[in-house]
Structure formats: C-alpha cells, structure tokens
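Notes follow once the structure below has been shown.
Just so it is clear, none of the values below were taken in a lab; they were calculated from the coordinates. Note that the coordinates shown come from a computational prediction; the quantities given were computed from them, not determined experimentally. Every residue, glycine as well, gets a Cβ built from its backbone with ideal geometry; the counts of neighbours run over all protein chains shown.
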Ligand SMILES: Cc1ncc(COP(=O)(O)O)c(C=O)c1O
C-alpha cells in the first residue's frame with residue numbers, strides 16, 4: 001500500500017506509516033475497501049475493477065480530521081480479485097508472498113533434509129527422494145504455516161490471542177509458535193485425537209477445547225469462541241498466510257532438487273485440506289521446475305482425488321474410520337482447491353494397510369518415525385498403479401507424531 005496525501009487547507013499531515021485494508025463488499029466490477037491507518041482512523045473506499053484478475057488502481061480517499069476535509073490517495077494492488085472469498089477477504093498467494101514468508105521462516109524453521117536409500121529405490125523400482133518434514137519443529141510442516149501466520153499479526157491481535165482448530169499437528173504448530181511469541185493460544189481439537197498430540201499441545205502452553213468429531217462442527221466452535229473472546233482465527237489451510245508458510249517446503253524442495261541435480265521429478269504430497277499441496281504446487285510452477293504435484297489421500301477419504309476429476313469440491317461420506325487422523329478433512333479447501341485444480345496431477349490414494357507398510361519402510365530404510373497421515377505419499381509411491389513416469393519421485397513425509405500403538409502395529413507387520 002502506497003499512501004500519499006494531498007492536504008487541503010491544512011498545510012499537510014504526516015502520511016500514516018501503515019494502512020491495512022479489508023474488502024467488505026464485492027460487486028461484479030468493484031470492491032468496497034475498508035481502510036484503517038496507524039492512527040486507527042477508518043475509511044471506506046470504492047475500488048473499481050476494469051477486469052477481475054490482476055489490476056492496480058488508485059482511489060481517492062476523503063478523510064475528516066478536526067473538521068478539515070483532506071484528500072489522500074491510496075494505491076491498491078490486488079493479485080487476483082477472482083480469489084476473494086465469500087467474506088470479502090483478499091485470498092491470493094503470489095510467489096513474492098511465498099518468498100517473503102520463506103525468508104522470515106528461514107531463521108525459525110529447520111531446513112529439513114532430502115534423504116534417499118538404495119533399499120528404498122529398489123523397493124519402489126525407481127529413485128525416491130524423501131523430504132523429511134517429520135523432522136520439523138513440533139514434528140510436522142504445520143509449524144511453518146503457523147509461524148508465518150503469527151509473524152503477520154498486529155500488536156492488538158497478539159495481545160488478545162489466537163485460536164485454531166486442528167486434529168493435532170496444526171494445533172502443535174500454532175501452540176509452539178504462540179508460546180515463542182508470548183501469545184495466548186486456544187486450540188479446538190477432536191476428543192479422539194491421539195493422546196500424544198493433545199498432551200503436546202497442552203505442553204506448548206495452549207488451552208485445549210475438545211469436541212466430538214463427526215457430531216459437532218469444529219469450524220462453528222472455533223468461530224464462536226473467536227468472536228466471543230476477540231481472538232484471531234488461524235485456519236489450518238484456507239488462509240493465504242498459512243499457504244505461503246507451507247509453501248516454504250516447496251522452495252526448499254526446488255533448491256534441494258537442483259543441488260542434487262534432479263531435473264525430471266514429480267512431487268507426491270499428502271493432502272488434507274490442501275494447504276501444503278497448494279503451496280508446493282505454486283512454487284513448482286513459479287520456479288519453472290517442470291515438476292507436477294500429485295496429492296495423496298486415504299482410499300476411503302479421497303475427496304481431493306474425486307474433486308480433481310469432477311472439477312468441483314467433493315465431500316467424504318464420513319470423518320472417521322482411517323488411521324490417517326491428520327488428513328481426514330471433509331473436503332478440499334475453498335481457497336486451496338482452485339490452485340490444485342489448476343496445477344495438480346492425478347490424485348493418488350493408498351489403503352491403511354499400505355500406509356502401515358510405508359511407516360515400517362521409512363523406519364527400516366531411512367530410520368525415520370512417520371505418522372500415518374505423513375506416510376501416505378510414501379505408501380502411494382510404493383503401491384499406487386497411477387504414478388507419473390518421471391525418473392525421480394520426491395515424496396513429502398509430512399509428520400512424525402505417531403501414536404505409539406500404531407507405530408508398534410506397523411513395525412510388527414510381517415515384512
Ligand atoms: C502430518 C500431516 N500431513 C498432512 C496434512 C494435510 O495438510 P493440508 O491440510 O495442508 O493438506 C496434515 C494436516 O493436518 C498433517 O498433520
């Protein structure tokens with residue numbers, strides 16, 4: 001936002017240092033933008049759009065201060081008007097958003113290794129390179145998006161606190177990122193979440209509120225507590241800040257593939273609401289890697305794979321019934337799905353038994369501890385018959401917070 005001013009009859013006032021914008025109404029050819037500057041003055045302006053994608057415009061603002069009418073000019077740059085959500089929030093992620101997130105996160109996250117093993121290559125019948133996000137802080141990539149979202153909060157939002165809903169990994173990511181910044185955090189979690197995930201979230205200092213998965217709506221609970229207590233809601237995937245943060249995994253993958261001299265690769269990525277997959281796909285496109293991303297899901301929770309086929313967001317019949325607790329979302333995100341529809345290849349699936357085998361393979365060949373939702377892309381790489389032809393499969397192992405009983409079950413398999 002570039003603010004300049006033209007004071008009428010007042011000899012000029014200092015331009016505000018910071019102006020935040022929120023779209024409050026959307027029409028076919030215009031949006032109403034509500035602005036707030038750093039002195040807390042608010043104004044509404046109408047921004048007309050000659051086209052619905054990528055435009056820049058300058059609007060005249062009228063502000064009133066001490067009875068003197070002032071004119072100011074505010075320059076508004078929108079990436080994609082088409083990506084505004086139904087609440088009028090600007091919802092677009094550009095490569096420059098992603099690179100800004102990446103540079104801020106570089107000091108806060110682990111640059112996780114890309115690992116390989118001749119035994120794993122032999123099992124898969126081609127070269128596999130694993131992006132080990134199970135070694136990320138809090139045990140999953142979720143810490144990236146949470147940290148970036150919290151990096152962007154203003155002072156008042158930090159003081160009031162944040163709220164998130166999550167089956168466990170976003171919960172831990174938000175809880176630790178909040179604890180590190182002394183921000184109070186409330187997390188809404190299903191009461192059937194693995195006990196280690198609930199315990200870790202509490203240990204990072206968050207207040208945990210539980211709900212019944214499949215019976216109550218976590219979104220409704222999260223929204224109502226957020227409104228009641230004035231908390232900033234950090235959604236798990238349908239949030240441009242979270243997607244930009246998760247996309248830092250894609251920036252690292254691109255760098256590491258080029259360091260390894262890989263030029264013909266595809267990326268297999270576990271998919272719940274699609275924040276991680278969408279973020280990585282945007283980077284693969286922006287950096288002209290020529291690589292395509294394939295989402296991976298449990299076979300009975302293949303909402304994204306079906307949505308990619310039909311072109312509209314499909315839902316799952318139920319929210320429970322797979323060991324992959326981290327990725328049992330009801331449907332692809334409202335914001336993430338259009339990105340995946342444009343950029344992702346065929347959606348892949350794997351069964352719970354294949355996921356257990358993949359957990360054991362990751363342990364045997366790479367000494368990695370992976371949770372079911374985090375192992376599904378490896379299960380697809382080992383067992384799917386719909387894999388792309390590329391020389392190398394880059395497999396994202398997204399989390400390691402496995403329930404010890406499931407891990408035991410996986411290692412106990414006859415293999
Ligand atoms: C380990 C793990 N992998 C994958 C996902 C799916 O992420 P997304 O919702 O961004 O698709 C999650 C979500 O919680 C997760 O915890």
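What the table below lists for this structure:
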{"item": "Top-ranked residue of the stretch 370-408 - restricted to ones that are part of a loop (DSSP other than H, G, I, E, B) and closer than 25 Å to residue 171 by Cβ, ranked as nearest to the ligand (Cβ to nearest atom)", "result": "398"}
{"item": "Filter pass, residue 351 being out of contact with any helix residue (DSSP H, G or I) (no Cβ under 7 Å at 6 or more places or on another chain) and closer than 23 Å to residue 306 by Cα", "result": "yes"}
{"item": "Members of the stretch 136-149 found to be under 19 Å from residue 251 (Cβ atoms) and not in a loop (DSSP other than H, G, I, E, B), listed by number", "result": "137, 140, 142, 143, 144, 145, 146, 147, 148, 149"}
{"item": "Selected residue (criterion: farthest from residue 362 (Cα to Cα)) from residues of the stretch 130-147 that are buried (at least 22 other Cβ atoms within 10 Å of the Cβ) and more than 13 Å from the ligand (Cβ to nearest atom)", "result": "147"}
{"item": "Residue check, residue 229 in contact with a strand residue (DSSP E or B) (Cβ under 7 Å, 6 or more places away or on another chain) and over 18 Å from residue 336 (Cβ atoms)", "result": "no"}
{"item": "Residue list for the stretch 324-352, restricted to those being more than 10 Å from the ligand (Cβ to nearest atom) and buried (at least 21 other Cβ atoms within 10 Å of the Cβ)", "result": "335, 337, 339, 344, 347, 348, 349, 350"}
